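Chemist: Before we start, here is the structure in question, set down as structure tokens.
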Amino acid sequence: MIPSPNLLSMITVFFGILFFLILTFLPSIVELKKPKDPGPRIIVEYDHIYLSDLENRKSEDGELKANVSILGEIVAILTFLPDLES
Amino acid sequence: MFIEVLEILFLFLTAVMVAYLVRHYIFTLAVLKNSQKKKANPSFESTIYKPTVSVLIPARNEERVIGRLLQRMTELAYPKDRLQVIVIDDASRDETGKIAEQYSKAYNYIKVIHRSEREGGRGKASALNAGLRYADGEVVLCFDADYYPQRDIVEKLVKEFADPKVGAVQGRVVVLNEPQNLVTRLVSLERIGGYRVDQEARDKLNLITQFGGTVGGFRRQLLEKLGGWDGQMLAEDTDLTFRVYLAGYKVKYVLDAECYEEAVDSWRAYWKQRYRWAKGHMQCAFKYSLKLLKSDKLTFAQKIDGILLLNVYFMPIIVLVSWIVGIPLFVLKFSQWLSPFWAAMLISMYSVVGNFAPFYEVSVGTYLDGRTHAQWLIPLLVFAFLYNIPICTKAFLDLLFSKLTGKVGNHWEKTTHSGNGNSYIIKLLNH
């Protein structure tokens, strides 16, 4: 028996919707059955720089700047020395 | 004539749905663009600004979770001489008060306020106002009892107050008990969409960033000037958000100030919580929509965003009405100028995309969090959205009924916390 066109289209629509639903929710079902997601991530914490730390850093920077200026003076003296020789 | 009215109504509803659709697209694209910028130019943010801080913790029958939060408070990196922790034991009938007292005895910066049966149980806003009277910090932060913050969350949040225009701050909420079941997983996806994308975008685009009631806080002076929390409002956080903006200040969202929450773990608890949020938001919509439009303190974009934010819980109802209106239009095919096909397409498009944490927002949020497998669960958000339709409809009808009859009907349905998050914290700490 050949189904009437209406019945055929209804069957097509039914299987079409079923296929669409399976296609849509299959990844979700797979993930629910065997979760691969690591779950809630570890909330990121990192050490904060406090004012005292910043002040220490500033003083370190100051020392560094002082060292750089001393180095500059040494370089200037060294560059001056050949002139003395001449 | 009847068909024409239906068509005009349908077109109006479609326009509203499209407005939300566009809004969420803009948000998602803004966050994507911003995340790329951030990668290219990492900036060092100063943490020098260190005001005195009062942390308010309202707690009613929270014996299963209050201990872990107070323990965390003792572990905070913020200087303890600039910190005050106030636990408001809101007429608890369990051991909440005793646990808090033990911490108060051991740490001098932790204070407990006990409210009697007569004073307590009137909702979170009432408890917070009771705590505010004892707060002496320049900044007042709030944490719910089931929350578990980062050690350095206080400095991350309060540094924003260095800007005098900032009246309030909001941090990010991360679901702790996510693997527990389907409900917690879906809530987590909604949170990712809401905080990783929605809030972040509103902040970056200088729109209306929302104070979420917890993991955030205010300048104490401003809070006192505004009269504290409004006990008549079910969404006291949304209410305060709009009062802050209308006073000429802004709410700053701090993405990297993260805090765990214990999400509702059953559909029943989900209903109760969302019903309260929906009804509270609708209350605020009635209260502030006009004030917002008339305000000279807000930009045009902020007004538009504010209106959309205030009315967001009407969206599931609008979708429902669109179905009711659209289906007859489609079936009857009376329309000459509105194609029934397009009517069906427009409704289904919005219905599938959802409302609360639209798919693309969640998708981008999980992508930015590096959680590609969590994206596999996104189709299931359809069920959460469908569940929100009866929730919001009931909330609206109840609010309408209470307005018509003059009955207040603002009973605060407190979310019960099972303490299931404790096992996850232990796992994470041992990681």
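Chemist: Given the conditions (1) over 19 Å from the mean Cα position of the chain (by Cα); (2) under 25 Å from B:A247 (Cβ atoms); (3) not acidic (D, E), which single one is not true for B:F143?
Modeler: (1)
Chemist: Something else now. Looking at B:V5, B:V55, B:V22, can you tell me which residue is assigned to a helix (DSSP H, G or I), within 26 Å of the chain's Cα centre (by Cα) and among the β-branched types (V, I, T)?
Modeler: Residue meeting the stated conditions: B:V22.
Chemist: Moving on to the next point. Quick one: which of B:M282, B:M233 is out of contact with any Leu (no Cβ under 8 Å at 6 or more places or on another chain) and crowded, with 18+ Cβ neighbours inside 10 Å?
Modeler: None of the other options fit; the residue is B:M233.
Chemist: With the structure loaded, tell me whether B:L234 is away from chain A (no Cβ under 14 Å) and modelled with pLDDT of 95 or more or whether it fails that test.
Modeler: So B:L234 fails the test.
Chemist: Also, quick follow-up: Hey, does the stretch B:52-60 have a residue that's under 30 Å from B:A100 (Cα atoms) and either surrounded by fewer than 19 Cβ atoms within 10 Å (Cβ to Cβ) or modelled with pLDDT under 90 (or both)?
Modeler: Scanning the stretch B:52-60 turns up at least one residue that is under 30 Å from B:A100 (Cα atoms) and either surrounded by fewer than 19 Cβ atoms within 10 Å (Cβ to Cβ) or modelled with pLDDT under 90 (or both).
Chemist: Here is a follow-up. Which pairs turn up if I take residues in the stretch A:10-33 that are aromatic (F, W, Y) and look for partners that are surrounded by 10 or more Cβ atoms within 10 Å (Cβ to Cβ) with beta carbon separation below 6 Å, at least 6 apart in sequence or on another chain?
Modeler: Going by the 6 Å Cβ cut-off, the qualifying pairs are A:F25/B:P379.
Chemist: Residue check, B:V166 against (1) closer than 24 Å to B:K297 by Cα; (2) away from every other protein chain (no Cβ under 14 Å); (3) out of contact with any strand residue (DSSP E or B) (no Cβ under 8 Å at 6 or more places or on another chain), all met but one. Which one?
Modeler: If we test B:V166 against (1) closer than 24 Å to B:K297 by Cα; (2) away from every other protein chain (no Cβ under 14 Å); (3) out of contact with any strand residue (DSSP E or B) (no Cβ under 8 Å at 6 or more places or on another chain), just (3) comes out false.
Chemist: Same structure, new question: On the basis of being among the acidic types (D, E) and surrounded by 18 or more Cβ atoms within 10 Å (Cβ to Cβ), does B:D94 make the cut?
Modeler: no
Chemist: Do we find a residue being closer than 30 Å to A:D37 by Cα and surrounded by fewer than 20 Cβ atoms within 10 Å (Cβ to Cβ) anywhere in the stretch B:189-200?
Modeler: Among the residues of the stretch B:189-200, not one is closer than 30 Å to A:D37 by Cα and surrounded by fewer than 20 Cβ atoms within 10 Å (Cβ to Cβ), which makes the answer no.
Chemist: Considering only the stretch B:169-188, how many residues are within 9 Å of chain A (Cβ to nearest Cβ) and modelled with pLDDT under 90?
Modeler: 4
Chemist: Is it the case that some residue within the stretch B:246-257 is surrounded by fewer than 21 Cβ atoms within 10 Å (Cβ to Cβ), in contact (Cβ under 8 Å) with a residue 24 or more places away in the chain and of a type in the set (G, A, S)?
Modeler: There is at least one residue in the stretch B:246-257 that is surrounded by fewer than 21 Cβ atoms within 10 Å (Cβ to Cβ), in contact (Cβ under 8 Å) with a residue 24 or more places away in the chain and of a type in the set (G, A, S).
Chemist: List, please: which pairs have Cβ atoms under 6 Å, are six or more places apart or on different chains, and start with a residue in the stretch B:356-382 that is more than 8 Å from chain A (Cβ to nearest Cβ) and end with one that is not in a helix (DSSP H, G or I)?
Modeler: Correct list of pairs: B:L381/B:G354.
Chemist: Here's something else I'd like to know. If a residue must be more than 7 Å from every other protein chain (Cβ to nearest Cβ), assigned to a helix (DSSP H, G or I) and modelled with pLDDT under 80, how many such residues does the stretch A:17-56 contain?
Modeler: Residues that pass the stated criteria total 4.
Chemist: Let me ask you something else. Using the structure shown, decide if B:V65 is surrounded by 20 or more Cβ atoms within 10 Å (Cβ to Cβ) and at pLDDT 95 or above.
Modeler: On the way: surrounded by 20 or more Cβ atoms within 10 Å (Cβ to Cβ): yes; at pLDDT 95 or above: no.
The answer is no for B:V65.
Chemist: Given the stretch B:282-354, what helices (runs of 4 or more DSSP H) lie entirely inside it while holding 1 or more residues that are modelled with pLDDT of 95 or more and hydrophobic (A, V, I, L, M, F, W, C)?
Modeler: Numbers: elements: B:300-310, B:315-332, B:340-353.
The qualifying helices (runs of 4 or more DSSP H) are B:300-310.
Chemist: Let me ask something else about it. Would you confirm, using the coordinates I've provided, whether B:F300 is aromatic (F, W, Y) and within 14 Å of the chain's Cα centre (by Cα)?
Modeler: Values: aromatic (F, W, Y): yes; within 14 Å of the chain's Cα centre (by Cα): no.
No.
Chemist: Which numbered condition trips up B:D296, out of (1) surrounded by fewer than 20 Cβ atoms within 10 Å (Cβ to Cβ); (2) under 26 Å from B:E62 (Cβ atoms)?
Modeler: All conditions pass for B:D296, except number (2).
Chemist: Is it the case, given these coordinates, that B:R274 is under 19 Å from B:L189 (Cα atoms), under 16 Å from the mean Cα position of the chain (by Cα) and among the basic types (K, R)?
Modeler: yes
Chemist: Here's something else I'd like to know. Going by the structure shown, is B:F242 touching a Cys at 6+ places or on another chain (Cβ under 8 Å) and more than 14 Å from chain A (Cβ to nearest Cβ)?
Modeler: In short, yes.
The values are calculated or read from the model by the stated rules, or taken from the named source; none is laboratory data. Note that the coordinates shown come from a computational prediction; the quantities given were computed from them, not determined experimentally. Quick reminder, even Gly has a Cβ in these numbers, built from the backbone with ideal geometry, and neighbours come from all protein chains shown.
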